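For reference, the structure is listed below as structure tokens.
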Amino acid sequence: MWMRWWRWWAALAGVLAVILPLSTATLSPAGINYEVVALMAIKTELQDPYNVLDNWDINSVDPCSWRMVTCSADGYVSALGLPSQSLSGKLSPGIGNLTKLQSVLLQNNAISGPIPISIGRLGMLQTLDMSDNQLTGSIPSTIGELKNLNYLKLNNNSLSGVLPDSLATINGLALVDLSFNNLSGPLPKISSRTFTIAGNPMICGVKSGDNCSSISLDPLSYPPDDLKTRPQQGITRSHRIAIICGVTVGLVASVTIIVSMLLWWWHRRNQQIFFDVNGNVLFNFVLMLQICNASSIWI
């Protein structure tokens with residue numbers, strides 16, 4: 001009996017050893033979940049007319065069951081998805097305490113105020129979409145600390161000031177959309193496959209001293225410096241390649257048509273000869289039959 005109880009307790013202890021680290025991954029020594037505190041700070045700063053954040057509860061130990069919150073397998077908050085929820089108010093600096101976030105989707109709301117400087121603490125962030133809001137102030141230089149960032153969308157806001165040079169230090173960017181704001185100053189060399197900056201009337205191009213208040217770069221790319229000095233050569237080479245390709249395709253098409261016509265003519269000619277020969281043989285055969293019939297009558 002004692003051995004049976006011992007095995008049962010050992011099995012229970014093994015299960016708890018697996019479960020408890022996941023559920024207490026963000027608990028302080030006092031039993032406070034830092035991510036719950038951070039999420040509640042975000043909720044407090046936002047106006048939520050449709051109560052989409054109604055089940056966010058400060059007394060909860062585990063926020064993974066909350067609406068609009070996604071957690072990773074190890075129990076950390078990995079995504080915050082609140083697009084098009086008619087939210088207003090400001091984004092709390094407490095978002096910087098959600099250090100395991102990989103995706104923040106807050107687009108199509110009415111969130112105002114500045115982008116928190118603490119956003120730079122989200123070192124695992126890959127997607128940041130705060131487009132179509134009412135954000136003001138400048139883009140914080142701490143955004144350059146998001147080295148894993150792939151998609152950055154801050155378009156259709158009221159952001160102002162100069163773009164931080166730290167944006168140029170993020171190497172894995174696939175999309176940067178900063179269009180339709182009030183940004184100004186020279187552009188850093190952002191290494192992104194797509195860089196949209198249109199709709200910023202005070203933006204000037206790199207190394208440009210001219211008035212470029214109406215410049216629109218969509219998308220923007222930065223070729224190597226040695227290619228910038230020879231733009232016409234690249235254009236001429238492209239035209240030459242296009243002409244060669246066109247002539248080659250035309251010749252191949254012409255040869256194909258001519259060969260097809262010759263094969264068709266050869267096929268029809270053989271059919272005609274075949275029918276002519278067969279017709280003569282049949283005529284001679286009929287003529288011989290008639291002669292034989294006439295001979296038999298006379299006999």
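The values are calculated or read from the model by the stated rules, or taken from the named source; none is laboratory data. Note that this is a predicted model, so its numbers are computed, not measured. Here the Cβ is made from the backbone with ideal geometry for all residues, glycine too, and neighbour counts use every protein chain on show. Quick note on the areas: whole protein, heavy atoms, side chains included, nothing else; ligands and nucleic acids left out. Shrake-Rupley method; radii C 1.70, N 1.55, O 1.52, S 1.80 Å.
Observations, loosely collected:
- Accessible surface of LYS100 - all protein chains present, 1.4 Å probe, nearest 10 Å²: 80
- Per-residue SASA entry for ILE58, accessible area with 1.4 Å probe, Å² rounded to 10: 90
- Distance (nanometres) between label positions extended 7 Å along Cα→Cβ at ARG268 and LYS189: 6.6
- Global form of segment 51-179, assessed from the alpha-carbon gyration tensor, a/c cut-off 1.5: oblate
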